[in-house]
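Everything on this sheet refers to the single structure shown next.
The values are calculated or read from the model by the stated rules, or taken from the named source; none is laboratory data. In this text, all values refer to a predicted model and were calculated from it rather than measured experimentally. For neighbour counting, all protein chains shown are included, and Cβ atoms are generated from backbone atoms with ideal geometry for every residue, glycine included. The area values use the complete protein model at the heavy-atom level, side chains included, leaving out ligands, DNA and RNA. Shrake-Rupley method; radii C 1.70, N 1.55, O 1.52, S 1.80 Å.
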Amino acid sequence: APPECPFCGEAAGRELEEHVRARHGHLLGAPGAGNGEQLYECPMCSLTCTNIQILEEHVDLHLEEHNFSEGMDLELAQQLQTEEDEWQRSEEEKREREEFKKLQRQYGLDNSGGFKQQFLKNMEREVDRGRMQPFEYHKRKADMMESLASGIDDGKTKTSGVIEALCKYYQNENKDVRRVWLSAGVDHFHSSLGDRGWGCGYRNFQMLLSSLLQNSFYNDCLRDTTLIPSIPKIQSMIEDAWREGFDPHGASHFNNRLHGSKAWIGACEIYSLLTSLRIKCQIIDFHKPTGLTGTHPRLFEWILHYYSKDNEGGAKVVCTSKPPIYLQHQGHSRTVVGIEEKKNKSLCLLLFDPGCSSQQMQKLLKQNCDGTGLKLLRKFVGSLKEKQYQIVAVDGVLSLEEKAARCQASQVLTSEKIP
């Protein structure tokens, strides 16, 4: 409440001194009064009184007003700080929601449709820009619908025979390659209008599977998968693996659903899918650089050992029975199909990249290939400088009991880390 006058009790507020002088001046002394009375001066406003008790009450009112004002200032400051904290918290939550939506879009988890929707949308855009005729649009749409219905890839992004062409090239190459090891026949698959920007993991699985299907050792595992599945079919196969109990933590990340989405997949999903097919494999995690300037020489050494083990013969070109290796890093994945050892002992990986088109890959099939096209495939130690890499390497077949044990173990799936 505002301060009250000590004489009449009326609320006077901040005009207390003016009120007292105007209404009760007869009770106050004037400065320098010569009537012989004792004068008492207020130390806060210089008002003088002839009565000490009145002065004390007057000073008490000053103090009450001062405390009231300070209390009001503190309360206002606290209110302003609370409002500022709430605003900052609101802005932070808004930023977090926007970042989460951005990540959902980036990783295909925003319910914006999957392979079919993207394929049709991109073809419509091509027609609008005059790069595709309407009759071609309808033909490709019919082919795509047939592929989706059958669950079999239409093969339009496939290039076969590259491994065989590499064998011939290295037989005649006499410059700086001491030895080279190659995987058993691998078909290259590249991203299409339906999966551009998110389908690399699926395309690399198709490459790996193309090699396994040509190896009779895996016939029993793949008796129900005799042809390369389409991307939506692969999504359904991963969902089947989750339903069997593989990697429940990873499944929950995707809300147990891939089909009809543009969700990125990685090494864990490839591991779960292969293991559900009774294909023995392992995840190796190169979780930090092991060389100078952020390089991963141990990754190269591990891959060299993978290919050269049991293939130590003296031949310059070793066409092994080894399946290719799935190679993952942040934002992209590729397929390792071989490794070169140079005469100076340096190593060079040979990679199939889903980002390379069929036209680029088919240049490697030409009879007069001079090796310039190998720039698409070659990656030296200094070329791979991501913070970490994961690989999925196939090394045999699982019994039903071993599959069940791995399913149980995948409840807490961890990769082997290279120190």
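Of the listed pairs K280/K363; K94/K141; K156/K262, which have alpha-carbon separations greater than 30 Å here? Let's see the in-between values first.
On the way: K280/K363 34 Å; K94/K141 40 Å; K156/K262 20 Å.
Distance filter (> 30 Å) returns K280/K363; K94/K141.
Among all the aspartates and glutamates, which ones have a C-alpha under 20 Å from K387's C-alpha, if same-chain residues fewer than 8 places away are not counted?
Reachable aspartates and glutamates: D285, E301, D353, E416.
With respect to the cross-link table entries K168/K375; K309/K403; K168/K343; K288/K316, which display a Cα-Cα separation exceeding 21 Å?
K309/K403; K288/K316
Measure off, as a whole percent, the carbon and sulfur share of the 1.4 Å-probe accessible area of segment 159-417, all protein chains present. Mind dumping the intermediate values first?
Details: 5550 of 11320 Å².
Summing carbon and sulfur atoms, their accessible area is 49 percent of the total for segment 159-417.
Which value, in debye to the nearest 20, gives the size of the charge dipole of segment 159-417 about its Cα centre, when Lys and Arg are +1 and Asp and Glu are -1 at the Cβ? Write down the numbers at each step before the final one.
On the way: 32 positive and 25 negative charges, 173 e Å.
Using Cβ point charges on Lys, Arg, Asp and Glu, segment 159-417 gives about 840 debye.
Using mean Cβ contacts within 10 Å as the protection proxy, how do 333-342, 390-399 order, highest first? Write out the running numbers ahead of the final one.
On the way: 333-342: 24.0, 390-399: 18.2.
The densest-packed peptide leads the list: 333-342, 390-399.
Let me know the shape class of segment 279-349, please: from the alpha-carbon gyration tensor, a ≥ b ≥ c as square roots of the eigenvalues, rounded when a/c is under 1.5, otherwise prolate if a/b is greater than b/c, or oblate.
On the way: a/c = 2.07, a/b = 1.25, b/c = 1.66.
Oblate is the answer for segment 279-349, as a/c is 1.5 or above yet b/c matches or exceeds a/b.
What residues have an amide H closer than 5 Å to that of I283, excluding those fewer than 5 places away on the same chain, when H is modeled at 1.01 Å from N in the peptide plane?
E416
What FRET efficiency would be calculated for the residue pair S346, A409, taking the C-beta separation as r and a Förster radius of 51 Å, to the nearest 0.05? Can you show the working numbers first?
Values: r = 37 Å, r/R0 = 0.73.
So, using R0 = 51 Å, E works out to roughly 0.85.
Keeping all protein chains in place, calculate the accessible area per residue for segment 159-417 (probe 1.4 angstrom), answer in Å².
Values: 11320 Å² over 259 residues.
Result: 44 Å² of accessible area for each residue.
7 Å from Cα along Cα→Cβ at both K121 and A149: what's the point-to-point distance in nm?
Rounded to a tenth, the inter-label distance reads 2.5 nm.
Could you compute Rg(Cα) / (2.2 N^0.38 Å) for segment 181-311, with N its residue count? Provide the component values of the computation, followed by the final result.
On the way: Rg = 16.1 Å, N = 131, 2.2 N^0.38 = 14.0 Å.
Scaled against compact globular proteins, the figure is 1.15.
Determine the gain in length on full extension of the stretch E99-N255; use 0.36 nm per residue of separation and subtract their C-alpha separation, reporting nm with one decimal. The partial results should precede the final answer.
Numbers: separation 156, 0.36 × 156 = 56.16 nm, distance 1.89 nm.
Working it through step by step, the gained length comes to 54.3 nm.
For W87, what accessible area in Å² do you get when you roll a 1.4 Å probe over the heavy atoms of the protein chains, rounding to the nearest 10?
That residue has around 150 Å² of solvent-accessible surface.
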